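Notes follow once the structure below has been shown.
The values are calculated or read from the model by the stated rules, or taken from the named source; none is laboratory data. Values in this document were obtained by computation on a predicted structure and should not be read as measured data. Please note: Cβ atoms are built from the backbone with ideal geometry, for glycine as well, and neighbour counts cover all protein chains shown. These accessible areas exclude ligands, DNA and RNA; they are computed on the full protein's heavy atoms, side chains included. Shrake-Rupley method; radii C 1.70, N 1.55, O 1.52, S 1.80 Å.
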Amino acid sequence: MAIVDETVGKARSPGSQGYATLGDRVVEAMAGQGITKAVLARKMDNTSWLQVHRICTGQRVHVTPETLRGLARALQCSSDYLLGLTDDPQARG
């Protein structure tokens, strides 16, 4: 599966260098659920569309633990997956 890097318009494969950024993982999880940035922002309490957009585009690379937890809950995946610590998006119980 190739992902188009919107900043340079080049396709990248999952194994390529720089693939597993927080924004990349969020965009991939959103695509898997078929949701938009606006829907994700609504699923997260006290989060704006702009904040989600900045995370997705890499303009905001540092997030608070609360934001990370909110992303993981809204996207139904583990925070480890979002951080690139695992390639398995499923949350562990």
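Structure data summary
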| read-out | value |
| --- | --- |
| Output for the range 60-89, where each listed residue is part of a loop (DSSP other than H, G, I, E, B) and touching a helix residue (DSSP H, G or I) at 6+ places or on another chain (Cβ under 8 Å) | Arg60, Val61, Val63, Gln76, Cys77, Ser78, Leu83, Gly84, Thr86, Asp87, Asp88, Pro89 |
| Residue tally, condition open to solvent by 70 Å² or more (accessible area, probe 1.4 Å) and part of a helix (DSSP H, G or I), over the range 40-59 | 5 |
